[in-house]
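First comes the structure, then the notes that go with it.
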Amino acid sequence: MKKLALVLFMVGTFISNGQVAGAQNILTDSDFDFTSIRRLIVCEANNSNEKDSLTNDVLYHAFLTRPDKVNLQISGIRDYTGKINQDQLSSLAKYAEVYMVPTVVRQRNTHIFFEVYEAITQKLIYSERVSVSGAQSAKLYEDATKQFYKEFNQLLTGKAKLEKKSDKAA
């Protein structure tokens with residue numbers, strides 16, 4: 001049943017958007033209290049192929065895009081220039097509970113990995129891969145980012161059903 005729901009979601013997303021082909025979510029820390037998150041900082045994107053891609057500035061601003069109805073204060077790491085060093089991400093905890101590092105990988109389609117880390121421990125707590133197709137544009141990345149925030153918002157509101165992984169041997 002879950003697989004059918006996922007397939008229907010992916011088809012619906014593709015038809016309604018035309019560019020976002022699907023998402024894969026990985027909850028890496030089911031014990032983390034996602035409902036306590038109020039602020040998120042977006043870091044600079046890791047870009048696998050900068051040669052023929054959009055500028056890092058365009059990508060940065062695209063990843064700050066958020067849809068309506070997401071109750072989350074989102075700011076960019078550039079807003080804290082002089083206050084933090086991106087190599088010392090532990091200092092982000094003064095300004096936000098979590099930070100997100102987007103990674104762009106271009107193969108046949110473009111895959112964007114949104115990795116969310118707890119600011120205090122720097123532990124990966126959530127990861128989502130959004131696959132998109134189409135001409136490289138700011139809109140393509142904005143649409144993918146909106147998809148990420150819609151999914152992530154389910155965790156923030158406590159509406160996502162969290163399944164704990166069992167360590168039992170099969």
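The values are calculated or read from the model by the stated rules, or taken from the named source; none is laboratory data. Note that the structure is predicted; figures quoted are calculated from it, not measured. Here Cβ is always computed from backbone atoms with ideal geometry, including for glycine, and neighbour counts include all displayed protein chains. The area values use the complete protein model at the heavy-atom level, side chains included, leaving out ligands, DNA and RNA. Shrake-Rupley method; radii C 1.70, N 1.55, O 1.52, S 1.80 Å.
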Notebook entry, point to check: Mind checking which residues of segment 111-135 are open to solvent by 10 Å² or more (accessible area, probe 1.4 Å) and among the acidic types (Asp, Glu)?
Noted result: GLU115, GLU118
Margin query: Can you pull out every residue in segment 121-139 that is of a type in the set (A, V, I, L, M, F, W, C), closer than 21 Å to SER75 by Cβ and either modelled with pLDDT under 90 or in a helix (DSSP H, G or I) (or both)?
Written below: ALA138
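Condition test on GLU142, is it modelled with pLDDT of 85 or more, assigned to a helix (DSSP H, G or I), open to solvent by 40 Å² or more (accessible area, probe 1.4 Å) and over 16 Å from LEU64 (Cβ atoms)? Don't jump to the end; show me each part of the working.
On the way: modelled with pLDDT of 85 or more: yes; assigned to a helix (DSSP H, G or I): yes; open to solvent by 40 Å² or more (accessible area, probe 1.4 Å): yes; over 16 Å from LEU64 (Cβ atoms): no.
Taking the combined requirement at face value, the residue does not satisfy it.
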Notebook entry, point to check: Checking GLU97 against (1) within 15 Å of LEU59 (Cβ to Cβ); (2) open to solvent by 30 Å² or more (accessible area, probe 1.4 Å); (3) at pLDDT 90 or above, which single condition isn't satisfied?
Noted result: (1)
Next item on the list: Given the conditions (1) at pLDDT below 90; (2) crowded, with 20+ Cβ neighbours inside 10 Å, report the number of the one that ARG108 does not fulfil.
Entry: (2)
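Test PHE148 against the stated conditions and say whether it is buried (at least 19 other Cβ atoms within 10 Å of the Cβ) and outside any strand (DSSP E or B). Spell out the reasoning first.
On the way: buried (at least 19 other Cβ atoms within 10 Å of the Cβ): yes; outside any strand (DSSP E or B): yes.
So PHE148 fits the description; yes.
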